[in-house]
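Report on the following structure.
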Amino acid sequence: MATTDLDRLYQLPLEEFTAARNALAKTAGPNAAAVKALTKPPLAAWAVNQLYWRERKTWDALIDAADNLRRTHKAVLSGRSGDVRAAGQVHDEAVQDALKPALAIVSDAGHPVTDATKQAIVNTLRALPGDEPAGRLSRVLQPGGFEMLAGFAVSDKDTKEAKDTKEAKDTKEPKDAKDAKDAKDAKEHARSKADAKALTKAREAVASAERAAKEAEQAVRRHEFEVARATRDEERAEKAVEQARAALEQAKAGLAGAERDLASATERRETADAAAKKAASTVETTRRAAAAAEAALKKL
């Protein structure tokens, strides 16, 4: 089955997904069971999918910001320089830039834009990129928080120094048990020192990331408040527009009725005028006939 068939499925209006999926499964041959098992995305995931299909530039900017934030965290935990706060701010701005068109997509599709839906969309945007193909999310995502740092290696500079020290000492065979014990103690000390430095750097990176996350959460709350206020203003404006439209339609209906009455009155006047002219003509004809008869009578 062509990938484009699945792509089209996830671009459909949400309410058409199930029927279209079932129809696609009937033509999917050996892939029928897999297609039939595809889950209808929840509203928030569907909205984020539409961002990929309809707002690719906004989507790409968000993914680039997320990748940059991840690289910055990795650099810091690896002992290199990196501005986690700046990268986090860029990512937060990209999330907000993507949130607005996502909410518009939900509203334009006739779905209610509830606080729960907004939060689910924000969470999914912050968690991108996910483990599913872009544009084909089947579930709402949750930000991984500091789990995104899992698998990153902390700086191995100090560890390497400890290793070099250990190897250098290992080249010298201890002369006796005391020398062997001293060498072992030195190895343990070097290892502990390297581990302590690495742990300190990791903790500093986590603390910096936590501060950035807290500031981002505050920014999100501010933006959500502004969205809610703008939504209320928009609803009031829409109501005023609807009322004005109703008044306009009523005025148009009144005008049409008056125009019909005018046309009817004009038609009646023209009919009466024609009848009056005809009657006047008949009177004139009758008068001439009477005059002729009177003249003929006088001749007798």
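The values are calculated or read from the model by the stated rules, or taken from the named source; none is laboratory data. Computed from a predicted model, the values in this text were never measured in an experiment. Note: ideal-geometry Cβ built from the backbone for every residue, glycine included; neighbour counts use all protein chains shown.
Would you call ARG139 at pLDDT 95 or above and surrounded by fewer than 18 Cβ atoms within 10 Å (Cβ to Cβ)? Judged against the criteria, ARG139 is a match. Among the residues of segment 101-115, are any over 26 Å from ARG8 (Cβ atoms) and in a helix (DSSP H, G or I)? There is at least one residue in segment 101-115 that is over 26 Å from ARG8 (Cβ atoms) and in a helix (DSSP H, G or I).
Within segment 46-93, the set of residues being β-branched (Val, Ile, Thr) and free of Cβ contacts under 8 Å to residues at least 24 places away in the same chain comprises THR72 only. When ARG136, ARG126 are screened for being of a type in the set (D, E, K, R) and closer than 23 Å to GLU16 by Cα, only ARG136 passes. Evaluating GLY130 against the criteria (1) in a loop (DSSP other than H, G, I, E, B); (2) without any contact (Cβ under 8 Å) to a residue 24 or more places away in the chain; (3) over 26 Å from ASP5 (Cα atoms) leaves one unmet condition, (3).
Within the set ALA98, ALA104, ALA116, the sole residue that is surrounded by fewer than 19 Cβ atoms within 10 Å (Cβ to Cβ) and within 9 Å of the chain's Cα centre (by Cα) turns out to be ALA104.
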